[in-house]
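Some notes on the structure that comes next.
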Amino acid sequence: MTAIHGGPNLEDYPTVFVMTPDIDVYYDNDMESDFNYLYLSLMALLSIPVVISVFGLTGNGLVLCFLRSRNSRNSFTIYILNLAIADCIVLFFLSLFCILFLMQMNGLINGDISYMSVLQIGSFGYGTSQGFLTAISVERALSVLYPIWYRCRRPKHQSTIVCIIVWIFSCLMLAANFLVDVKCEDCTELGIIKAVLHFCFFLPLMLLSNVLLLITIWKNSQKRHPPRPYILILSTVLVFLVLSSPYAVFDFLSLFINLHAQVSHVVMFFYSFCINSSLNPIIYFLVGGIRRHGRRSSLRGALRNAFQEETESLHDDDGASSPQQSFRTSPSL
């Protein structure tokens, strides 16, 4: 289609029936206006995710700059650091897909572009984000269920080891995707494996862990303020579940039902991925910026507040160490 390379061109769409001159002019004008409307609509729909990604990359970049210092790292922020990297991968490759498509639509680039490879790498980042959110949720639940073990017997490098495992597993799944695309056109086995992992492993662990956190916060809400990381995790996971559920359900049903993804479905998935990865830094700033004792926080102070209560447990007594001490003395890697 010439519309992909240089905008709509009605010469590529010959009429299939004979019309009188007056009717022919009428229909040509009507078709041209329809194509122009479709062309402009597609341009707008693909430009908005790029704008969202720019803001999301900026926010995640600020988080990465804050966490690059070893003094700012602990067993909790190690996960946040890797989650921000995974979100940057999602935003970069989805925006790259939109930019390449827009450039090809306007004839700025020619030739075959492997759009599917770009989407697969973006999906790889999204799946990795799910892995980190699951790991964060499970570890927070363990800190509530077994606070003594978490404080005294938890392996020092557990966060780093878990993050490495998540990255390796995600890379293996990405490599399997590329191999499947090369060797077979219609292979559902890998899709079934992904669906089983999502609905039988990651999703149940994430839900159970966060339900436990929510119950714990509710029980102790009258005694003290819940640690900010608990609120941060609950908010981040809730946003992820709400925005990823339509894609997960559609992808699962497509394994058994012949569902054809329409343009509206693809656009919805693009927007949900971009919005989710862009909202995480905003959640960090909002949670860290919650004013306690009437103090107002800067952006850097908001991030410090969001992560500083990492070692505090809802079961601690009033003689526990201060939040600032908890942030500094938590195990750094």
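The values are calculated or read from the model by the stated rules, or taken from the named source; none is laboratory data. None of these values were measured; they are calculated from a predicted model. For neighbour counting, all protein chains shown are included, and Cβ atoms are generated from backbone atoms with ideal geometry for every residue, glycine included. Surface accessibility is based on the protein's heavy atoms, side chains included, excluding ligands, DNA and RNA. Shrake-Rupley method; radii C 1.70, N 1.55, O 1.52, S 1.80 Å.
Surface analysis of the range 130-254 yields an accessible area of 57 Å² per residue, using protein heavy atoms and a 1.4 Å probe. Can you give me the Kirkwood hydrodynamic radius for the range 36-118, using every pair of distinct Cα atoms, in Å to one decimal? Taking the inverse mean of 1/r over all distinct Cα pairs, the range 36-118 comes out at 14.6 Å.
In whole Å, what three semi-axes, largest first, describe the equivalent ellipsoid of the range 101-196 built from its Cα gyration tensor (square root of 5 times each eigenvalue)? The partial results should precede the final answer.
Details: eigenvalues 295, 55, 24 Å².
For the range 101-196, the semi-axes come out at 38, 17, 11 Å.
Maximal additional length on extending the Trp167-Leu197 stretch stands at 9.2 nm, based on 0.36 nm per residue less the C-alpha distance. Here the peptides 95-102, 145-152 are ranked by packing, the mean other Cβ count within 10 Å, and the order with the highest first is 95-102, 145-152.
Where the accessible area of the range 100-168 is counted over protein heavy atoms with a 1.4 Å probe, how much of it, in %, is carbon and sulfur? Carbon with sulfur: 69 percent of the solvent-accessible area.
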